[in-house]
Amino acid sequence: MTLAIDGVTKAFGRFPALAGVSLEVRDGEFLSLLGPSGSGKTTLLRVLAGLDQPDQGRVLFDGADFLAQTARERRVGLVFQQYALFRHMTVARNIAFGLEVRPRATRPSAAKIRARVDELLTLAQIDGLGHRYPTELSGGQRQRVAVARALAVEPRLLLLDEPFGALDAKVRKELRGELRRIHDATGVTTILVTHDQEEAMALADRVALMNKGRMEQVGTPAELDTTPASPFVFTFLGETNRLACRVDSGQARFDGFAAPVITPREPADGAAVALFRPEDAALDGGTHAQGLPVRIVEIHGRGALRQIECLTAVGERLTVEVAEAFATGFTAGQPVRLTARRVVVEA
């Protein structure tokens, strides 16, 4: 049951929240909508949920006009950042709510509803909490309830809008794994809205990166990392260094070394600015080392990685990230040579 979004636009006054967005979501896929604030990702989610109507464009689900269907007909499960649980209802009643309010003709029996609730309590790993109220739960437990409630109605499409935004980093990381496990167990097509790059790349089969109401790139996490479609994609997905260069036949040339340009379209030859990640850079303090002359000014970090801050002769600051074992031979003030294994360029 493919979800096809074709040329969807939506404006709020003069602000174009969506500017001709097209996207295909595969049956059973876990897709992340990623982008900065104001990129249009939540607006697109609201269009799919039936909470907003687009100004133009089509949305087809399994070949049918999704926009012409009511919210009930769409069979969409929704999970929000702030849980939106009913405080006066127990966990079990919250999960059962979507089933209990169905018209009598389509409402399951009380026994089937209880069985479905028990199944979802187990799936979300909150067994034994059905009798509690939301105020008696931790934030992580409440979000598990919200996911279970969204799944209770057996949705064709599960939409999650920044579901971990109100949680601390440790709980967020735990729930990421749980959400992926639940997705794999149910097979429901899932779209997650997030501005957290690590979250999107860790969870999704594919990532749709948005910017200013448009799709910048859609691909697997590996594709976005190895072949970013634009400098925006590259800079949004991680820390970057900037360094002047000259492009020549797909190579960025610097004082002392050259590196391949990895964007899909070969840039025009001439002066440009190169972008590269700290983990793609290397330092060599040997007497006959090749590379750009730099001076180490600071070494910091903890755990398995160290960040080595360097200055070029003209004062450009560059960061190199290395394993702790490789940082032991370097000290502040030391002159070294820097190289990068791959770059993206801005004209």
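The values are calculated or read from the model by the stated rules, or taken from the named source; none is laboratory data. No experiment lies behind these values; they were computed from the predicted model shown. Every residue, glycine among them, receives a Cβ derived from its backbone with ideal geometry; neighbour counts consider all protein chains shown. Heads up: the accessible areas ignore ligands, DNA and RNA and are worked out on the full protein's heavy atoms, side chains in. Shrake-Rupley method; radii C 1.70, N 1.55, O 1.52, S 1.80 Å.
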Taking the condition open to solvent by 50 Å² or more (accessible area, probe 1.4 Å), closer than 28 Å to L99 by Cβ and free of Cβ contacts under 8 Å to residues at least 60 places away in the same chain, does D184 pass?
-> yes
Exactly one of A204, A268, A200, A229 is surrounded by fewer than 20 Cβ atoms within 10 Å (Cβ to Cβ) and in contact (Cβ under 8 Å) with a residue 60 or more places away in the chain, and that residue is A268
Under 8 Å by Cβ, and 6 or more places apart or on different chains, what pairs join a residue from segment 99-127 that is closer than 18 Å to H183 by Cα with one that is surrounded by fewer than 11 Cβ atoms within 10 Å (Cβ to Cβ) and not aliphatic (A, V, I, L, M)?
-> L121/D127; L121/G128
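Answer with yes or no whether T194 is crowded, with 16+ Cβ neighbours inside 10 Å, under 11 Å from L33 (Cβ atoms) and of a type in the set (S, T, Y).
When the stated conditions are applied, T194 passes them.
Condition check ((1) of a type in the set (F, W, Y); (2) within 12 Å of the chain's Cα centre (by Cα)) across all residues:
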| position | (1), (2) |
| --- | --- |
| D205 | no, yes |
| E223 | no, no |
| T227 | no, no |
| F236 | yes, yes |
| T240 | no, no |
| V247 | no, no |
Got a number for residues in segment 242-255 being open to solvent by 60 Å² or more (accessible area, probe 1.4 Å), at negative phi and outside any strand (DSSP E or B)?
-> 1
Please specify each residue of segment 104-130 satisfying the condition of being closer than 12 Å to N94 by Cβ and not small (G, A, S).
-> V117, L120, L121, I126, L129
Which one of these does T189 not meet: (1) under 20 Å from L85 (Cα atoms); (2) of a type outside the set (G, A, S); (3) modelled with pLDDT of 90 or more?
-> (1)
Specify the residue that is modelled with the lowest pLDDT; the eligible residues are those in segment 36-85 that are more than 25 Å from G219 (Cα to Cα), open to solvent by 40 Å² or more (accessible area, probe 1.4 Å) and among the charged types (D, E, K, R).
-> R72
When segment 93-138 is examined, which residues are found to be among the charged types (D, E, K, R) and within 30 Å of the chain's Cα centre (by Cα)?
-> E119, D127
Selection over segment 6-20 where residues are assigned to a strand (DSSP E or B), open to solvent by 10 Å² or more (accessible area, probe 1.4 Å) and either modelled with pLDDT of 95 or more or among the small types (G, A, S) (or both) yields a count of 7
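Within the group A111, A71, A64, which residue is of a type outside the set (D, E) and under 30 Å from L167 (Cα atoms)?
A71 is the lone residue from the list that is of a type outside the set (D, E) and under 30 Å from L167 (Cα atoms).
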Residues located in segment 21-35, provided they are open to solvent by 20 Å² or more (accessible area, probe 1.4 Å) and either out of contact with any Lys or Arg (no Cβ under 9 Å at 6 or more places or on another chain) or on the phi > 0 side of the Ramachandran plot (or both) | S22, E24, D27, G28
